[in-house]
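*Asks:* Here it is: the structure, laid out below.
FYI, it's all coordinate maths here, none of it is from the lab. What you are looking at is a predicted structure, and each value in this text was computed from that prediction instead of being measured. Methodologically, a virtual Cβ is constructed for each residue, glycine included, from the backbone with ideal geometry; neighbour enumeration extends over all protein chains shown.
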Amino acid sequence: MSRRSEPVATGAPGRVRYVADAVVTMDEQRSVHRPGVVEVEGGRIVAVGPAVAPHSAAPGAGPGAVTEIAVGGLLMPGLVNCHGHTAMTLLRGAGDGLPLERWLSEAIWPREARLTPDDAYWGMALGCAELLLAGVTSTCEQYLFPRPVAAAALDAGIRCILAPAIFDLPGAGPDATWQRCLDVAGEVHAELDGRDDRLSIALGPHGAYTLPEEGLVSTAKVAAELDALVHIHVAETQAEDEPIRARYGCSTPAFLARLGFLDCRVLAAHSVWLSDEDLDLYRDHDVAVAHCPQSNGKLGSGIARVPHMLRRGIRVGLGTDGPASNDNLDLWEELRLAPLLARATATDAAAMGTAEALALATTGGAAALGLDVGSLAPGRRADMVRLELDDPVFVPGVSESELVAHLVWAASSRLVTDVWVGGRQVVAGRSCTTVDVTEAGRAVAERVRRLAHAGS
Ligand SMILES: [Zn+2]
């Protein structure tokens with residue numbers, strides 16, 4: 001058994017071959033190699049396979065061109081977070097016990113109206129470290145202050161789709177209107193989209209119940225012009241649907257379809273309260289879903305019909321939501337809750353398979369976001385995680401399917417030791433190499449004291 005070596009220098013040139021005791025690829029064949037190798041070059045995976053046979057060199061690469069590193073443990077794809085407001089580490093746990101509508105209007109929006117750009121930077125920096133330390137390598141965000149949030153994501157080295165929030169933030173003054181937010185989102189898209197291959201800019205209309213019809217239509221128009229992903233909350237609670245039904249006589253998805261909004265590339269967070277007809281609309285318009293079981297549980301919102309979505313071929317990934325309604329950014333908890341709730345709701349242990357659950361956190365999330373990550377396969381970006389295998393939860397792990405089952409039902413983020421994003425190591429030996437966690441924690445704590453002092 002090979003043991004792990006010293007952390008790999010970030011940005012190591014040339015091809016690197018990682019040799020692990022186990023490689024769970026999540027490729028199309030769901031291959032597991034024990035032991036296995038993953039070869040990385042230029043930020044992408046170039047080869048994956050069993051470690052027993054000598055691995056082929058890249059075309060043109062001569063002998064000795066590969067740096068081999070014995071990492072031991074288990075390598076798997078980095079987890080993909082499809083819905084987050086990560087900078088809300090500043091508001092962690094605020095408003096516990098309130099339902100969504102009161103939670104937003106009484107606990108969240110009054111605090112957010114007092115945030116500064118620097119607050120958002122430090123909140124995002126701390127949250128990115130929390131995500132990376134848990135093995136989450138991609139995150140799809142919707143938040144205010146897009147420039148400092150993007151800067152914090154880039155500094156942390158996480159892969160990020162950032163959707164600047166678009167709505168009228170109560171109490172935040174005349175600049176915080178949906179129109180101004182949409183203008184800023186367009187400017188940020190022009191400035192930052194694609195400037196770094198880890199960052200892309202989407203649009204984040206908050207929801208059909210927090211934007212006027214004109215705001216939704218205008219956002220859809222800009223999204224079509226930019227071919228940008230639209231990241232929106234849909235059908236999170238039953239109550240959210242009532243004003244739409246009262247005014248337009250149809251469900252929120254039907255209303256959005258009528259506006260032409262669903263003709264965009266839409267990622268619909270939550271999507272808890274959907275009828276069969278709504279699900280058919282999602283399928284017909286290729287709407288992707290970010291399933292947030294822990295946030296939906298904490299706010300008492302309900303349980304999304306994920307097996308019904310998957311049966312229709314709807315793309316589904318998992319989301320932590322913000323740390324004010326979760327209250328952590330540990331996607332391993334969603335990975336376990338998704339199949340637990342699906343099975344409990346259906347009273348059927350076959351309602352969601354174990355490998356299907358792991359796919360939600362990896363390949364499913366990648367498909368929902370349109371990212372070429374989520375599996376360890378040639379051509380994919382080298383976003384991967386090492387787990388400690390010398391742990392009681394992996395005993396016994398005789399078969400490959402047992403190993404995958406232990407990842408879902410028994411493992412947790414505490415086993416994550418090393419993390420790479422695009423081949424760059426961002427967590428080494430359980431320490432985040434890109435964010436000074438002590439400094440970020442101190443900065444957030446100081447800012448939270450200021451926000452509390454200002455009255456809440
Ligand atoms: Zn949300």
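*Asks:* For helix 238-248, what angle does its Cα long axis make with the longest principal axis of the chain, in degrees from 0 to 90 and rounded to 10?
*Replies:* Relative to the chain, helix 238-248 is tipped by roughly 50 degrees.
*Asks:* Using only Cα atoms, find the angle between the long axis of helix 178-192 and the longest principal axis of the chain, and express it within 0 to 90 degrees, rounded to the nearest 10.
*Replies:* 30 degrees
*Asks:* Okay, next question. Order these peptides, 230-238, 431-439, 128-136, by their mean beta-carbon neighbour count within 10 angstrom, highest first. Each step should come with its number before you reach the end.
*Replies:* On the way: 230-238: 24.8, 431-439: 16.2, 128-136: 27.2.
Going by the mean number of other Cβ atoms within 10 Å, highest first, we get 128-136, 230-238, 431-439.
*Asks:* Quick check on packing: order 395-404, 365-374, 40-49 by the mean number of other C-beta atoms within 10 Å, highest mean leading. Numbers along the way, then the final one.
*Replies:* On the way: 395-404: 13.9, 365-374: 23.2, 40-49: 19.5.
Final packing ranking: 365-374, 40-49, 395-404.
*Asks:* Would you calculate, for the chain, the mean residue ellipticity at 222 nm contributed by helices, counting each DSSP H stretch of 4 or more residues as -39,500 (n - 2.57) and dividing by all residues, to the nearest 500?
*Replies:* Values: 15 runs with 155 residues, N = 456.
That comes out to -10000 deg cm²/dmol.
*Asks:* Which angle between 0 and 90 degrees, to the nearest 10, do you get for helix 117-133 versus the longest principal axis of the chain when only C-alpha atoms count?
*Replies:* For 117-133 against the chain, the angle is about 40 degrees.
*Asks:* Would you mind calculating the gained length between Asp286 and Asp390 on full extension (0.36 nm times residue separation, minus the Cα-Cα distance), in nm to one decimal?
*Replies:* On the way: separation 104, 0.36 × 104 = 37.44 nm, distance 4.18 nm.
That pair, Asp286 and Asp390, stretches by 33.3 nm at full extension.
*Asks:* Convex hull volume of the Cα atoms in the range 158-199, per residue, in Å³?
*Replies:* On the way: hull volume 2.8 nm³, N = 42.
Looking at the range 158-199, the number lands at 66 Å³ per residue.
*Asks:* On alpha-carbon atoms, Rg over Rh for the range 339-455 using Kirkwood Rh? Please report the intermediate quantities before stating the final value.
*Replies:* Details: Rg = 18.6 Å, Rh = 17.3 Å.
For the range 339-455, the value is 1.08.
*Asks:* State the answer as a single residue: which of Thr434, Ala344, Ser399 lies farthest towards the positive end of the charge dipole of the range 320-456, with beta carbon charges of +1 for Lys and Arg and -1 for Asp and Glu, about the Cα centre.
*Replies:* Of the listed residues, the answer is Thr434.
*Asks:* Is the range 79-369 best put as rounded, prolate or oblate by its Cα gyration tensor, with a ≥ b ≥ c the root eigenvalues, rounded for a/c under 1.5, and otherwise prolate when a/b is larger than b/c, oblate when not?
*Replies:* Values: a/c = 1.35, a/b = 1.14, b/c = 1.19.
Because its axes are fairly even, with a/c under 1.5, the range 79-369 counts as rounded.
*Asks:* Right, something else. If I model a spin label as a point 7 Å beyond the Cα along the Cα-Cβ vector, how far apart are those points for Asp372 and Ala239 in nm?
*Replies:* 4.5 nm
*Asks:* Now for a different question. Arrange the following residues from fewest to most other Cβ atoms within 10 Å of their Cβ: Phe145, Phe255. Please list the in-between numbers first.
*Replies:* On the way: Phe145 23, Phe255 20.
Listed from fewest to most nearby Cβ atoms, that is Phe255, Phe145.
*Asks:* In addition: Please report how far the C-alpha centroid of the range 107-144 lies from that of the range 369-384, rounded to the nearest whole angstrom.
*Replies:* Each part's Cα centre sits 24 Å from the other's.
*Asks:* Would you calculate the separation in nanometres between label points at Val52 and Ala346, each defined as 7 Å from the Cα along the Cα-to-beta-carbon direction?
*Replies:* About 3.6 nm, to one decimal.
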